[in-house]
Amino acid sequence: MTLLGTRKQLRTTNPLLAWVSEDREIMSEGTFRRAIAIERKRTERSQKPFLLTLFEPSGVQGADSDKRVLDNIATCLLNCTRETDVIGWYTEGATLGVIFTDIVTSDKSLFLGIILSKVSTTLRDELAAEEFARISISFHFFPDHWDQDDSGNPSNHSLYPDLLGFNAGKRSLLGIKRAMDIAGSGVLLAISAPIFLLIAALIKASSPGPVLFRQQRVGQYGRQFTFLKFRSMHSDSDVSAHKAFVTEFITGTSRSETSDECGQPIYKLSNDRRVTGVGKFLRKTSLDELPQFLNVLKGEMSLVGPRPPIPYELAAYQTWHRRRVLEVKPGITGLWQVTGRSRVKFDEMVRLDLRYAASWSPWLDAKILLRTPIAVIKGTGAY
């Protein structure tokens, strides 16, 4: 039994194939992109990956030729995919997409080979040779592996068209946010210049090593950047203890490190021997964060947003956790910092970040910025 035939044929030779209904239709761009978002959320719950496959004509042949090729591709896809697979316009009139859902095999390369073979066979048999030669096919698995990649490669944008479209729709508001970032970080850097010099002198006098601590962090869409802080630890410090602690914290297997003066649990290494005497003061007052205004000025961070994770932290994330670094740019302060800080569990911190992303506005940023000095002065949860 092959993939060819009418839609009424029952294909039982392969679990990838099933009945194809007569009334299946090609989804519009907006509906299909929402379907991708829904499948991402379904995967977060079920842990079953899906495959997004995109088809588009390549080369310059003219609109009529492209339309004919795309119409033929659409017909072929309706005939050779399962009823549970989703077909639609990724880009209206230009790129067709298929979401192959409920992938049960753990071998993605095997599944990809099967899909490529079946789809290619159908298209080759149904299209003219010159039409088939013009088709560009790309494959995008979700979850993608940027969270486990230390090379600095960003996430696969093809899997997040709804987020990119959402941000594009807020372009004017994002312009206001960027203006606030530039003005705020520029003014604060100018005002704090004398403090920079004093802190630099104290760090140099207290322990050998550089004044600034540089570390790779993960920004929006998985892009890595060099994160700056005043050095608060000894320069030869081992990260293994922190890596073990945060991995347990993220996976929910750790208990609180200790309790604060009010009896609230603290989910942070509060008695870290790597921290210098000056470093403890800098952390308690959050003065170690001042160099991050340079990250904001460069556009790598915002004044308000989720804290950017270290790559080994991101490697421990569940799939749904990753949305905190997808939906908005990372920031110096945010809802977590002014409400829970080190007193909440990781899942709750992520929910606070997602709440911020869903309700973000310049006015909300302003309110968080106004609350930040109070949180810094209290020093609650800062270690």
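The values are calculated or read from the model by the stated rules, or taken from the named source; none is laboratory data. Owing to the predicted nature of the structure, the values given are computational and were not obtained by experimental measurement. Cβ atoms come from the backbone with ideal geometry, glycine included; neighbour counts cover every protein chain shown.
Which one is modelled with the lowest pLDDT among residues in the range 69-113 that are assigned to a helix (DSSP H, G or I) and over 22 Å from P57 (Cα atoms)?
Looking at residues that are assigned to a helix (DSSP H, G or I) and over 22 Å from P57 (Cα atoms), I get K108.
Which one of these is crowded, with 18+ Cβ neighbours inside 10 Å and modelled with pLDDT under 90: F213, F230, F249?
Among F213, F230, F249, only F249 is crowded, with 18+ Cβ neighbours inside 10 Å and modelled with pLDDT under 90.
The rows are residues; the columns are (1) assigned by TED's automatic domain parsing to the domain that holds R231; (2) closer than 24 Å to S192 by Cα; (3) surrounded by 16 or more Cβ atoms within 10 Å (Cβ to Cβ).
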position: A316; (1), (2), (3): yes, no, yes
position: R322; (1), (2), (3): yes, no, yes
position: E327; (1), (2), (3): yes, no, yes
position: V338; (1), (2), (3): yes, yes, yes
position: E348; (1), (2), (3): yes, no, no
position: A357; (1), (2), (3): yes, no, yes
position: T372; (1), (2), (3): yes, yes, yes
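For the range 181-204, give me each residue that is more than 24 Å from G299 (Cβ to Cβ) and touching a residue at least 40 places away in the same chain (Cβ under 8 Å).
I199, L202, I203
Write out, first by first residue and then by second, each pair whose Cβ atoms fall under 6 Å of each other, whose residues are 6+ apart or on separate chains, and whose first residue, in the range 24-43, is in contact (Cβ under 8 Å) with a residue 40 or more places away in the chain and of a type in the set (D, E) while the second is surrounded by fewer than 18 Cβ atoms within 10 Å (Cβ to Cβ) and outside any helix (DSSP H, G or I).
If the second residue must be surrounded by fewer than 18 Cβ atoms within 10 Å (Cβ to Cβ) and outside any helix (DSSP H, G or I), the pairs left are E29/E92.
Based on what the data block shows, is A201 outside any strand (DSSP E or B), among the small types (G, A, S) and either more than 30 Å from P143 (Cα to Cα) or at pLDDT 95 or above (or both)?
yes
On the basis of being under 24 Å from S206 (Cβ atoms), modelled with pLDDT under 90, part of a helix (DSSP H, G or I) and of a type in the set (K, R), does K268 make the cut?
In short, no.
Would you mind telling me which numbered condition in (1) surrounded by fewer than 21 Cβ atoms within 10 Å (Cβ to Cβ); (2) farther than 28 Å from R40 by Cα; (3) out of contact with any helix residue (DSSP H, G or I) (no Cβ under 8 Å at 6 or more places or on another chain) L297 fails?
Among (1) surrounded by fewer than 21 Cβ atoms within 10 Å (Cβ to Cβ); (2) farther than 28 Å from R40 by Cα; (3) out of contact with any helix residue (DSSP H, G or I) (no Cβ under 8 Å at 6 or more places or on another chain), the lone unmet condition for L297 is (3).
Among (1) part of a helix (DSSP H, G or I); (2) in contact (Cβ under 8 Å) with a residue 60 or more places away in the chain, where does L228 come up short?
Going through (1) part of a helix (DSSP H, G or I); (2) in contact (Cβ under 8 Å) with a residue 60 or more places away in the chain one by one, L228 breaks only (1).
When you scan the range 359-370, how many residues do you find that are in a helix (DSSP H, G or I) and buried (at least 18 other Cβ atoms within 10 Å of the Cβ)?
Count: 2.
Of V338, V328, which residue is in a loop (DSSP other than H, G, I, E, B) and at pLDDT below 90?
Selected residue: V328, the only one of V338, V328 that is in a loop (DSSP other than H, G, I, E, B) and at pLDDT below 90.
Considering only the range 306-321, how many residues are in a loop (DSSP other than H, G, I, E, B) and touching a residue at least 40 places away in the same chain (Cβ under 8 Å)?
Number satisfying all stated conditions: 8.
So, of the residues in the range 83-117 that are surrounded by fewer than 18 Cβ atoms within 10 Å (Cβ to Cβ) and among the charged types (D, E, K, R), which turns out to be farthest from F142 (Cα to Cα)?
E92
If you take the residues of the range 114-135 that are hydrophobic (A, V, I, L, M, F, W, C) and part of a loop (DSSP other than H, G, I, E, B), which of them is nearest to T81 (Cα to Cα)?
Looking at residues that are hydrophobic (A, V, I, L, M, F, W, C) and part of a loop (DSSP other than H, G, I, E, B), I get L127.
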